[in-house]
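See below for the structure under consideration.
Rule-based calculations on the coordinates, nothing more; no lab input. Because the structure is predicted, anything quoted here is derived from the model rather than measured. Reconstructed Cβ throughout: ideal geometry from the backbone, glycine too, with neighbour counts over all protein chains shown.
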Amino acid sequence: MNVLAPAAAGPQPLTRTEHAAGMAAYRAAGEALAAEIGNRGPLRLTPGGDLHPDIQAAYWRHGYYIFEGVIDPAEVAALRADAQVMLDRAPTGPDSRVDSQGRTAHGLDYARLPYRFTRPLADPWGGTQALGGRHPAQMAQPKPDAGAPEYVVFLMYAMCQSMPAGLRLYGHPKLLAAAQAINGADFVPYNDAIFVKQPGLGGSVAWHQDGVTHWDSPNWDEGIHGFNYQVQLYPTTLGNCLWVIPGSHKRGKADIKAMVAANGGSEQLPGAVPLVCAAGDVTMVNRQMVHGSFANTSPDLRISLTFGFHRRSAVLGQKAALAQEGSNAVYDDQRIFDRSAVIQVAIDARHQARPDEPVFRYRPFAGLEDDFRFTPETVERVIRDYNTKDLAI
Ligand SMILES: O=C(O)CCC(=O)C(=O)O
Ligand SMILES: [Fe+2]
C-alpha cells in the first residue's frame, strides 16, 4: 500500500498564515534554547580518526548534534540534482503509474515502491496505528492554499539505488567514522528515507520516538536504538525543520499523548529545539529522542536525506519491525552482512568518484573489499532492492 492512512477529521483547519503565525512564540523560545545549548560545529575527528570526544560527550548528553558544513557544495549540488530527478519521476499519486509529464514513473520495478504520499499539510501518522502506533497524537492540519495538488510526495526511499550521489554519500568517510564512534567498529546500517517537505504543502511528522524494540530490554540504555543522520540539501528553517526534545533519549519510553494533554492539548511541546541548518549540514539524532516536525506552511523547501546506524548487538536476533514488520524475518548474521554490504559498495563508489579523499575502512568487510567494489555486478547483487533487507528496530 502506497498511500498513508487518511487523516481523521479534526476541528476547523487553520489557514497557512494562521498556522505559521501561531508558531511564532514557540519558534522564538526554541531558538533561544537552541542557542543556549549550542551543540553544533564541524565534524572533528581525532588524529586517530575517532569522533572528537567533546562531540561524543555532547551527543550523549543532549541526544543530538549538528555537524556544520560536512557536505561540500559540489556534493550538495549533485545530491539536489539526483533528488530532483527522483521527485520529477515520482508517480503523481499513490495509485498512479505515471509522473507529472505522463512518463512511466520511476521505481515501479522496485520490490518496494520508493515513494510515499500525503495530502498537502496533513499528518498521515499522528493518532493512527501506523508504524506500531508510535505517533500517538495528531498534529494540526492546516488548510492548503487553493490549487494545491491532491497528493504530494512525503518520503522517497532507496537512495543508494535511485540516486548515484546518494550511494556515494552513504560511503562518506567522516559520517562513517562518527557512526563507528557511536555504535562500535562492527556498527550496522538501519535504513534510509528522504523526507520531502515542499513549501506550503509538506506534511507533518507527529511527535514520536523512532525505536520500537528495546524499551523493555534488560540491557536498555540510551544508545540501544541507534541514531539517524539527516543530510540537509537546503537550509532548514524555523518554519520547516525537525524539532527534538534534548535529553529525552535518556528517559525511556515517553507518554507523548500525556505530554500533549499536559500541554493543554497543544502540539507545541515545551523544551524542544529546532534543528536549523545550512545546506550541507548533517544532524545526528538519537532514535530515542522525542522528535517531530510541523506542517510546512513556510515558503521554504526541505529535503532531508535520512539514514541511520545501529550497534550490531542491538539488531542481531531481533524480529523485523516498523516497515519490515510484515516479513516476519529475524535479523541473523546473513541478513546483517547482506545489508551492511551496501556500505562497502558505497565506500568504493565514493572512492572511484573522489580518489583523493580518505577512504573509510569498514571493519566487518576488512579483507573482503575486492568482492564489494562498485561494479555493475555488485549493483545487481548488493544494491538492487537492498532496502528489503533494512534493519529496523
Ligand atoms: O524530518 C522529519 O521531519 C522527520 C524525521 C524523523 O522522524 C527521523 O529522522 O526519524
Ligand atoms: Fe523519527
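Counting only residues at least eight positions apart within a chain, or on another chain, the aspartates and glutamates with an alpha carbon under 16 Å from that of residue 389 are 192, 325, 332, 333, 338, 380. Within segment 42-80, the trypsin sites (Lys or Arg not before Pro) that combine a DSSP coil assignment with at most 16 other C-beta atoms in a 10 angstrom radius are 44.
Given the C-alpha centroids of segment 14-67 and segment 230-282, what is the distance between them in whole angstrom? Centre-to-centre distance over Cα atoms comes out at 10 Å. Close amide H pairs (under 5 Å, H built 1.01 Å from N) link residue 140 with no residue at least 5 positions away or on another chain.
Could you tell me which chymotrypsin sites (Phe, Trp or Tyr not before Pro) in segment 285-393 are loop residues by DSSP with no more than 15 other beta carbons within 10 angstrom of their beta carbon?
Numbers: sites: 294, 307, 309, 331, 337, 360, 362, 365, 372, 374, 386; in loops: 294, 331, 360, 362, 374.
Here no chymotrypsin sites (Phe, Trp or Tyr not before Pro) fit, given the DSSP loop and packing criteria.
Across segment 16-313, C-alpha contacts under 8 Å between residues 6 or more apart give a mean separation that, scaled by the residue count, equals a relative contact order of 26 percent. Each stretch of four or more DSSP H residues adds -39500 (n - 2.57); spread over every residue of the chain, this sum gives -7500 deg cm²/dmol at 222 nm.
With the cut-off at under 17 Å, measuring from each backbone N in segment 291-316 to a point 7 Å along the Cα-to-Cβ line of residue 15 picks out 297-299. Label separation (residue 368 vs residue 28): 5.6 nm, computed from points 7 Å beyond Cα along the C-beta direction. Each Lys or Arg adds one and each Asp or Glu subtracts one; over the other residues with Cβ under 10 Å from the Cβ of residue 186, this totals +3.
Going from the residue with the fewest nearby Cβ atoms within 10 Å to the one with the most, 168, 363, 112, 311 rank 363, 112, 311, 168. Dipole of the chain computed with +1 at Lys/Arg Cβ and -1 at Asp/Glu Cβ about the Cα centre; of 218, 387, 66, farthest Cα towards the positive end is 218. Within a straight-line Cα-Cα reach of under 30 Å, residue 257 can be paired with the following lysines, leaving aside sequence neighbours fewer than 8 residues apart in one chain: 143, 197, 319. Net charge within 12 Å of residue 78 by Cβ-Cβ distance, Lys/Arg positive one each and Asp/Glu negative one each, not counting residue 78 itself? Its environment carries a net charge of +1. Extension gain for residue 72-residue 108 works out to 9.8 nm (0.36 nm per residue, less the C-alpha to C-alpha distance).
For segment 16-313, what is the charge dipole size about the Cα centre, in debye to the nearest 20, if Lys and Arg each add +1 at the Cβ and Asp and Glu each add -1 at the Cβ?
Values: 25 positive and 26 negative charges, 58 e Å.
For segment 16-313, the charge dipole is close to 280 debye.
For each of 207, 60, 243, count neighbouring Cβ atoms within 10 Å of the residue's Cβ, then give the residues from fewest to most. Intermediate values should be presented prior to the final figure.
Numbers: 207 26, 60 15, 243 23.
Fewest to most other Cβ atoms nearby, the residues stand as 60, 243, 207.
Set the Cα radius of gyration of the chain against 2.2 N^0.38 Å, with N its number of residues, and you get 0.94.
Extension gain, residue 361 to residue 328: 0.36 nm times the residue separation minus the Cα-Cα distance gives 8.6 nm. Run the numbers for residue 186 and residue 385: contour at 0.36 nm per residue of separation, minus the present Cα-Cα distance, in nm. Gain on extension, residue 186 to residue 385, equals 69.3 nm.
Magnitude of the charge dipole for segment 77-156, about its Cα centre and with charges confined to Cβ atoms of Lys, Arg (+1) and Asp, Glu (-1), is about 160 debye.
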